[in-house]
Amino acid sequence: MNHPFIKNKGIIFYTAAWLFIAILFGLALRYFYDFSTKEANIDSFIFNGAFYCLGLAFWFVVRYNSFDSSQILNLIVSHLAAAALSVAAGVFITITVLKNILPQTEESLVYLNSSIVWRSGLGLLYYAVLILVYHLIKYYDDLRDRGQQQAQLETMLKESELEMLKSQINPHFIFNSLNSIASLTITAPNQAREMVVKLSDFLRYSLGKENHQLNTLEEEMANLMLYLEIEKVRFGDRLQVETQIEIDALSLTLPNLILQPLIENAVKHGIYESLEDVTIRVTAKTENGILRLSMTNEFDPKAVSKKGKGIGLKNVRERLRVIYGVPKLVFTETNENLFTVRLDIPQPSEK
């Protein structure tokens, strides 16, 4: 930690404070000792100038000591020694200089000798006040540094959590796609080749994004359509998609790949568990600074659902919680043979 007064504008405030003290000191000499303006100013300048310089050095007493309970005795000894040496040095310098400047009269010598006591007391007061100020500055800077370290740690933890959540989603999708490709290599090699190309385009998009990155809805929908094209290679016309998206919503932002696990669930619980055609509907609109996304898929309520680990919806909830700090941004609703999941994505306020 650098000296708080020998940087930026600190030295200006430090000097201004000492000038104010010197003025008060000079006025006191004129009042109590009936000094002339010149004599009072000379005495004040020399005495306070000496402690002005010594005061800058007091910082290092604070800088290299701490309030550690195991070292409290060392701290007391250090301050007592520093106070004694600094006061002795300041008073000695002042008396020596004044003796060479002021006329060598009996009155001036009596004044200088008698002033040693109150100069020492005032020097101790200067030391105590400056040490207190330095400790407060050091405490504030340490508190600020701890706050910055805590913020960095929270950011690292958040990134780690997002990395863990995203790492659970990607293999889930890849395994499903590879299984589909494996099936198609036997029954429809051309479709398998087409699916490999689309899968590579999709992975190039998803792996090139950071966990915390926000993309526009337009970008995410383009990627979502790419995923559905991959699935349609296998399921053909059985899989239908309808979109109803407001133009203004396309430019709004949301976390990258946040829609991916939802569309996977819609396909899994819709077309995988039904012999009928399945339509997935995606809607998006803006309401009071919030991007409101809904995804609805048909499902067969009589079908025996394949039990999964519930990674998709859980990951969406967790990612939104971590990114936005809001616990409830995902809502689900089941109505007869329709399942709907809605996301409320907060938008950054315009400055």
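List, please: which pairs have Cβ atoms under 6 Å, are six or more places apart or on different chains, and start with a residue in the range 325-348 that is in contact (Cβ under 8 Å) with a residue 24 or more places away in the chain and part of a loop (DSSP other than H, G, I, E, B) and end with one that is among the β-branched types (Val, Ile, Thr) and open to solvent by less than 60 Å² (accessible area, probe 1.4 Å)?
none
Here's a check for you: in the range 207-249, which residue that is polar (S, T, N, Q) and within 20 Å of Gly289 (Cβ to Cβ) is modelled with the lowest pLDDT?
Here the residue is Asn215.
Scanning for something touching a Lys or Arg at 6+ places or on another chain (Cβ under 7 Å) and at pLDDT below 85, does the range 130-147 turn up at least one residue?
Checking the range 130-147: not a single residue is touching a Lys or Arg at 6+ places or on another chain (Cβ under 7 Å) and at pLDDT below 85.
Among the residues of the range 86-101, is there at least one that is among the aromatic types (Phe, Trp, Tyr) and out of contact with any helix residue (DSSP H, G or I) (no Cβ under 8 Å at 6 or more places or on another chain)? Walk me through it before giving the result.
Let us first name the residues in the range 86-101 that are among the aromatic types (Phe, Trp, Tyr), namely 92.
Pick out the ones that are also out of contact with any helix residue (DSSP H, G or I) (no Cβ under 8 Å at 6 or more places or on another chain) and you get 92.
Yes: the range 86-101 contains one or more residues that are among the aromatic types (Phe, Trp, Tyr) and out of contact with any helix residue (DSSP H, G or I) (no Cβ under 8 Å at 6 or more places or on another chain).
Can you tell me which residue among Phe51, Phe20, Phe47, Phe25 is modelled with pLDDT of 90 or more and in contact with a Lys or Arg (Cβ under 9 Å, 6 or more places away or on another chain)? Can you show your working first?
Working: Phe51 fails: in contact with a Lys or Arg (Cβ under 9 Å, 6 or more places away or on another chain); Phe20 fails: in contact with a Lys or Arg (Cβ under 9 Å, 6 or more places away or on another chain); Phe25 fails: in contact with a Lys or Arg (Cβ under 9 Å, 6 or more places away or on another chain).
Exactly one residue qualifies, and that residue is Phe47.
Scan Ser115, Ser78, Ser108 and give me the residue that is surrounded by 13 or more Cβ atoms within 10 Å (Cβ to Cβ) and under 46 Å from the mean Cα position of the chain (by Cα). Step through it out loud before you land on a result.
Values: Ser115 fails: under 46 Å from the mean Cα position of the chain (by Cα); Ser108 fails: under 46 Å from the mean Cα position of the chain (by Cα).
Only one candidate qualifies: Ser78.
Please go through the range 250-300 and give me each residue that is acidic (Asp, Glu) and either part of a strand (DSSP E or B) or open to solvent by 50 Å² or more (accessible area, probe 1.4 Å) (or both), ordered by number.
To start, the set of residues in the range 250-300 that are acidic (Asp, Glu) comprises 264, 273, 276-277, 287, 298, 300.
Selection gives Glu276, Asp277, Glu287, Glu298, Asp300.
In the range 20-42, which residues are exposed (fewer than 13 other Cβ atoms within 10 Å of the Cβ), under 27 Å from Tyr134 (Cβ atoms) and of a type outside the set (Phe, Trp, Tyr)?
Leu24 - this is the single residue of the range 20-42 that is exposed (fewer than 13 other Cβ atoms within 10 Å of the Cβ), under 27 Å from Tyr134 (Cβ atoms) and of a type outside the set (Phe, Trp, Tyr).
The values are calculated or read from the model by the stated rules, or taken from the named source; none is laboratory data. What you see is a predicted model; the values in this text were computed from it and never measured. Note that each Cβ is placed from the backbone with ideal geometry, even for glycine, and that neighbours are counted across all protein chains shown. Quick note on the areas: whole protein, heavy atoms, side chains included, nothing else; ligands and nucleic acids left out. Shrake-Rupley method; radii C 1.70, N 1.55, O 1.52, S 1.80 Å.
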